[in-house]
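The values are calculated or read from the model by the stated rules, or taken from the named source; none is laboratory data. Just so it is clear, the structure is predicted and the values come from calculations on it, not from any experiment. Here the Cβ positions follow ideal geometry from the backbone for every residue, glycine too, while neighbour counts run over all protein chains shown. Quick note on the areas: whole protein, heavy atoms, side chains included, nothing else; ligands and nucleic acids left out. Shrake-Rupley method; radii C 1.70, N 1.55, O 1.52, S 1.80 Å.
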Amino acid sequence: RDFNKLDERIEGLYLAVLSRRPTLVELQRTLKYFAGLKEDGTPEQLGFEDLFYALVSTTEFATNH
């Protein structure tokens, strides 16, 4: 999968859940996570489910939404 497209999907999830784009550090960390999933043969969809759960579990989500 094209990482540029992956960047856009990650950004879209951040916008949908937190109403902001990921910071550079957050984006780099998330891309690294997805690269690890790819190496393990884990479906990308499971990574997005995990990311969604992580974002809605944040204090930022709980206090701002």
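Paramagnetic label reach from A16 (point 7 Å along Cα→Cβ; backbone nitrogen cut-off under 15 Å): within segment 31-65, residues 44-57. When V17, V25 are compared by accessible area of protein heavy atoms, the largest-first order is V25, V17, using a 1.4 Å probe. Taking all protein chains into account, the per residue accessible area for the chain stands at 70 Å² (1.4 Å probe). Using heavy atoms of the protein chains and a probe of 1.4 Å, the accessible area assigned to L31 is about 40 Å².
Tell me the angle of helix 44-56 to the major Cα principal axis of the chain, expressed in degrees between 0 and 90 and rounded to the nearest ten. With both axes taken from Cα atoms, the answer is about 20 degrees. Within the chain, the trypsin sites (Lys or Arg not before Pro) that combine a DSSP coil assignment with at most 10 other C-beta atoms in a 10 angstrom radius are R1. Using a 1.4 Å probe over the heavy atoms of the protein chains, calculate the carbon and sulfur portion of the accessible area of the chain as a whole percent. That share works out to 54 percent.
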